[in-house]
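Have a look at the structure below before the remarks.
Values in this text are rule-based calculations from the coordinates and carry no lab data. Since the structure is predicted, the reported quantities are computational estimates derived from the model, not experimental observations. Note: ideal-geometry Cβ built from the backbone for every residue, glycine included; neighbour counts use all protein chains shown.
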Amino acid sequence: MGSPEAGNTRLRSARQALGLRSQQQLADAVTRAGKSIGLRISITARTVRRWESDAPPWPHPDHQAAVEALFQRPITELGFTPPWQSDGSHPDGGPVTPAVTASSAAGSLTVFPQRHPAAPLPGSVATDYISVTSAHRHMYWAVPSALLHDVVAAHVNLGTRLIPSAPEAARRSLAAAVSESSLLAGRIEFFDLQNPVKAQSSLVIALQAAQDAQDPLLGSAVLAHMAFIPAFSGERKRADEARDKIRAARAFARRGPASPEMLAWLDATEAEVETRFGNTRKALQLIHHAEDIFATEEPRPSPPWLDWFSPVRLAGFKGNTLLTAKQPGPARDTLQKVLDELPGESVKQRSVILGDLAAVAVAENDPERACIIAEEALDHLARYWYATGMDRIRAVRESLTKWESLPCVRRLDERLYDWNTTVSALTG
């Protein structure tokens, strides 16, 4: 049995330096730190006991962010070893530097450890980095998501390493670009690649970078995206978690101040959350409020990264909510109008709207029309793969079970399970 001094002495010493005498006090302090940066966590003394053991486990990304916010230093300086560096060595034999991943970069980026003391960088580096971030933002709508994701993730990796050496005058703008890039990575991971675990890690990095940038609007956007993860989980017990993220996003937006467009998007996001948990009445109220914002508020510029929302996109939210609320007629009219008005570059959203229109046809007991629209959506997905759009088509096929003997449904199956679609669904 080890001596009383065995275990993670770095974390224990850091705890005592803050005047936290017990493991329970540290648990409470980490919980409060998490809430201060918009994370809904609840740390127990048992968790802290494991962290202070001889073999502390690598903490969950949300817990890492909260610990680093409390101690204002990277998790790797508190006695934790990343699982990908369990051998304690660097591949080329040099000093160990924690690899920048969604987990290890989730702390305070301005104190992220460097492998060697870095020379100061010219301010032009931040300008160049921001230009690439902007290019990725535009490429998202056209480049295959699996290809773009790797590039964006590497860009985030680079940015977290550049921040400590950036000139003071450029550091906040560079951190904001890192936050936007990590938000984009999280969007791809969640909506395109359907990997909510990776998305959560990327969003934690984005939130920490937004904190470094002192950009409450980016923080608001990240927190609102975090609400999608529990909302899409299908677990009703996670409703409070999703709603808490929305409340945090609204609090951050008030510090902005947010543009009318962003406030309308927050309404639409909350409406999506409420729709997912079956509260369509409240969702429609939120959508009507967002429509009033667009109709009555004086337009003000939105941040350039808010390129995923518009009055047409709001109508898309509305159509889906009307469908869920079992109002197929209004849903059909709304969704058809959206389809007619979507700009040409909205290639991903088009498959989602087609999926919802096919679902409306099912609700109206018209399987032939549902299959025709679903096949049109599959034609679109063959050119512009989007996992969220494919989810809509799968849901339509499930709802066609009682019509399985019809030729149109069999024809849809042939399309749904052809080589290209099947491989894309499993690898995209």
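How far, in nm, would the chain grow between Lys337 and Leu147 when pulled straight, counting 0.36 nm per residue and subtracting the alpha carbon separation? Difference between extended and current length: 65.2 nm.
Amide H to amide H, with H built 1.01 Å from N, Ser53 comes under 5 Å of Asn8, counting only residues 5 or more places away or on other chains. When the charge dipole of the chain is built from unit charges on Cβ atoms (+1 for Lys and Arg, -1 for Asp and Glu) and taken about the Cα centre, the candidate among Trp308, Gln214, Leu406 whose Cα reaches farthest toward its positive end is Gln214.
The alpha carbons of the stretch 122-214 give a radius of gyration and a Dmax of 12.6, 38 Å, in that order.
Can you compute the charge dipole magnitude of the chain about its Cα centre, using +1 on each Lys and Arg Cβ and -1 on each Asp and Glu Cβ, nothing else charged? Give it in debye, rounded to the nearest 20. Don't skip to the answer; put the middle values down first.
Numbers: 47 positive and 48 negative charges, 260 e Å.
In total the dipole reaches around 1240 debye.
If you split all Cα-Cα distances of the chain into 10 Å bins from zero, what percentages do you get per bin, shortest first? Using 10 Å bins, I get a P(r) of 4, 20, 28, 24, 15, 8, 2, 0 for the chain. Shown for the stretch 199-291 is the translational diffusion coefficient from the Stokes-Einstein equation, using the Kirkwood radius over Cα pairs, a temperature of 20 °C and a viscosity of 1.002 mPa s: 162 µm²/s. In straight-distance terms, cross-link reach from Lys237 covers every one of the lysines whose alpha-carbon lies under 25 Å from its own, apart from those fewer than eight places away in the same chain; here that gives Lys35, Lys198, Lys245, Lys282, Lys318, Lys326. Exposed loop sites here mean trypsin sites (Lys or Arg not before Pro) with a DSSP loop assignment and at most 14 other beta-carbon atoms within 10 Å; the chain contains its longest site-free run at 116-254. Using 17 Å as the cut-off for backbone N distance, which residues of the stretch 297-322 belong to the label zone defined by a point 7 Å from the Cα of Arg369 along Cα→Cβ? Correct set: 319-320, 322. The modelled label-to-label distance for the pair Glu241/Gln285, using points 7 Å beyond Cα in the direction of Cβ, is 2.6 nm.
Which of Phe190, Phe80, Phe294 has the fewest other C-beta atoms within 10 Å, and how do the rest follow up to the most?
Values: Phe190 24, Phe80 21, Phe294 15.
Lowest count first: Phe294, Phe80, Phe190.
Karplus-derived 3J(HN,Hα) values for the stretch 232-238, using 6.51 cos²θ - 1.76 cosθ + 1.60 with θ = phi - 60°, are 8, 6, x, 9, 4, 5, 9 Hz; glycine and proline are entered as x.
What length, rounded to one decimal in nm, is gained on full extension from Trp419 through to Leu18, with 0.36 nm per residue of separation minus their alpha-carbon distance? Spell out each step's value before the answer.
Numbers: separation 401, 0.36 × 401 = 144.36 nm, distance 5.93 nm.
Full-extension gain reported as 138.4 nm.
Among Asp333, Asp244, which comes first, second and so on when ranked by fewest other beta-carbon atoms within 10 Å? Each step should come with its number before you reach the end.
On the way: Asp333 13, Asp244 18.
So the ranking, lowest neighbour count to highest, is Asp333, Asp244.
Taking only DSSP H segments of four or more residues, each worth -39500 (n - 2.57), what value at 222 nm results for the chain once the sum is divided by all its residues, to the nearest 500 deg cm²/dmol?
So the calculated ellipticity at 222 nm is -21000 deg cm²/dmol.
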